[in-house]
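Worksheet: one structure, shown below.
The values are calculated or read from the model by the stated rules, or taken from the named source; none is laboratory data. Treat the numbers as computed from the prediction; the structure is a model and nothing was measured. Quick reminder, even Gly has a Cβ in these numbers, built from the backbone with ideal geometry, and neighbours come from all protein chains shown. Note: areas computed on protein heavy atoms with side chains; ligands, DNA, RNA excluded. Shrake-Rupley method; radii C 1.70, N 1.55, O 1.52, S 1.80 Å.
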Amino acid sequence: MATTTFRTCPDTGLKFFNSTENLLKANAVAAVVFLLVGGLHGLLVGMTRWQAVHLLGAEDFYMVLTAHGLNVLIFWIIFFEIAVLYFASSVLLGCRLATPKWAWAGFALMVIGAVMNNVVVLQGNASVMMTSYAPMEAPPLFYLSLILFAVGALIGCFVFFGTLVVAKNDKTYEGSVPLVTFGAITAAIIAVFTIVSGAIILIPTLLWSLGLVGEIDALAYRLIWWAFGHSSQQINVSAHVAVWYAIAAILFGAKPLSEKVSRTAFLMYILFLQIASAHHLLVDPGVSSNFKMFNTSYAMYLAVMASMVHGLTVPGSIEAAQRARGHSAGLFTWLRKAPWGNPTFSGMFISLVGFGFLGGITGVVMGAEQINLLVHNTLYVPGHFHATVVVGTTLAFMALTYWLVPVLFRREIVMKGLAKWQPYLFGLGMSGVSLFLMGAGTLGVPRRHWDIGFAATGGITHDFPAAAYTMLALNGLSVIVAVIGGAAFCVIIVGSLLFGRKLGDQKMSEQWIADPVTDEEYSANGGSAFAIPGTVVLAMVFFVSFALYYFINWKYLAETWGIS
Amino acid sequence: MSDQDQADSGEVPMMQKLLDNPFLLLFLGVASPALLYLVWGLAEIFTIPVR
């Protein structure tokens, strides 16, 4: 029988069962390792896209781009998400983890898959990029490595669902699960759909690469692959929104403005977020406009609305808590008095703003069938997802890590001065990457071409405007800033794990989790939890930006297609 | 029946029951995109006339 000993964190009062704690550590460390590997490949990609530097040759570029995409979009993110699932179930619900042996088996499969994938890609015969569109073929081990990783992650999801059952049976909570756990449930549900879709397409592709299947239909491949490739990024969205709610509660003692509204928004994610995959098919002739418009607009907008709900309620709950604790003057005193020197807060808030303003607005623009034609398959696409996945998800995960290291590893964070600046460096650099890639994409620069000067293409020429070259140079500079920020994160976290002062059972000098704001505090000063004028003003700024940008793109489209 | 009436009678509202059931949510979260995206999309692709 498995041992079920646990320790209670002296700073947070959270219960860490030994099996959960070890799995959390293993997944978190693996995540940071793959972030480092993927980030370094990202530096090489950025330095090659910068035409004046143009670091890598064509073959190396596509190999490095493949490695970059898989390490940061899949391996780093999913290892961390598995850690989030175990934290949101076993730790937040205060119960043992279901079947830790299966959880370790899942972890082992994920490590084997991720390492195997890196080896296969770096051998140079699998430069098919993350999308690996058939009939472009990679060695069988490439597909096998992804399948192994996906099976491991699927096991992790089922361990999470099993842990929910354990908690319910052991009655470790009353009523509904906490909102953060509900967000993790949303992420796990999307993960199951994602991974099953991956299996549906990667298993036959593996058989095809082994010569056992004659042909893979290119369009069917694209359709099913994107149910895997895009939905995997929707796991991120659900997970990082859950992290936002967690950080609001941890740092401010904030209660959600309305549990019902926030949970309903997560339900909208469960039902509709994954169908956004269709926006990758908006120029594919094999699927109808009905399919495209329903999936990328009508139904998808319910998920967009859910994101806007979260984007309003997370800062709104922080504002309500800050006002309840006395920062009630004017519109933005609550925000000015927030702990901007604490990387957990600054990382979370930059993630929230970047995800909404850069990632969210551009995602809706790209998702509209007509204006998508302006930027389809251009650098605008990576520009968009660097805002959602990197500024949004990665920065939120980094922010949580600063809080988790002392709680989970019982080590003090080292280099606190650098840690204070790290989210700003990373957020600024990545926002630059996002903006300048989108700028280049708007000028028509293709997403996947090694050289926009079209060298060595046998006479193909196209003159992009000089501004496109400037955009790529500015992107290169932004990549350098972002990589410095990312490297600083890895150095701080690895340094803290190895050399940080051991905390043991000793309580930290500073309070590590805020006391929940009480109903009396909320109603003091004659206020109410719903009095969030500052957040409403920010939301209005968002809506105006959204509407302006949306209509500017229709204007561009009108100029592209003159009507006589 | 209003939320207040349901609360008074101790009955859990249907929406609450749905949100508290992770396995029902799992079914919906897999079935919904499977039908709207995968099945619909594949049906269109595989009914494209060959000539």
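Worth a mention:
- Looking only at the stretch A:282-297, residues that are touching a residue at least 60 places away in the same chain (Cβ under 8 Å) and either among the hydrophobic types (A, V, I, L, M, F, W, C) or facing chain B (nearest Cβ under 7 Å) (or both) come to 5 in all.
- Candidates A:LEU257, A:LEU212, A:LEU251, A:LEU223 - the one that is more than 10 Å from chain B (Cβ to nearest Cβ), assigned to a helix (DSSP H, G or I) and of a type outside the set (Asp, Glu): A:LEU251
- Among the candidates A:VAL314, A:VAL309, A:VAL353, the residue that is of a type outside the set (S, T, N, Q), more than 26 Å from A:LEU425 (Cα to Cα) and either open to solvent by 50 Å² or more (accessible area, probe 1.4 Å) or part of a helix (DSSP H, G or I) (or both) is uniquely A:VAL309.
- Subset tally (residues that are part of a loop (DSSP other than H, G, I, E, B), without any contact (Cβ under 8 Å) to a residue 60 or more places away in the chain and within 23 Å of A:PHE80 (Cβ to Cβ)) for the stretch A:106-133: 0
- Of residues in the stretch A:437-469 being part of a helix (DSSP H, G or I) and over 20 Å from the mean Cα position of the chain (by Cα), the one farthest from A:TYR380 (Cα to Cα): A:ALA466
- With respect to the conditions (1) modelled with pLDDT of 95 or more; (2) under 19 Å from A:LEU395 (Cα atoms), A:LEU73 lacks only one, and its number is (1).
- For the stretch A:356-382, residues that are in a helix (DSSP H, G or I) and hydrophobic (A, V, I, L, M, F, W, C) total 8.
- Every residue from the stretch A:51-78 that is surrounded by fewer than 19 Cβ atoms within 10 Å (Cβ to Cβ) and touching a helix residue (DSSP H, G or I) at 6+ places or on another chain (Cβ under 7 Å): A:GLN51, A:ALA52, A:VAL53, A:HIS54, A:LEU55, A:LEU56
- Options A:ALA188, A:ALA167, A:ALA184, A:ALA199: the member that is more than 30 Å from A:PRO516 (Cβ to Cβ) and either at pLDDT 95 or above or surrounded by fewer than 24 Cβ atoms within 10 Å (Cβ to Cβ) (or both): A:ALA199
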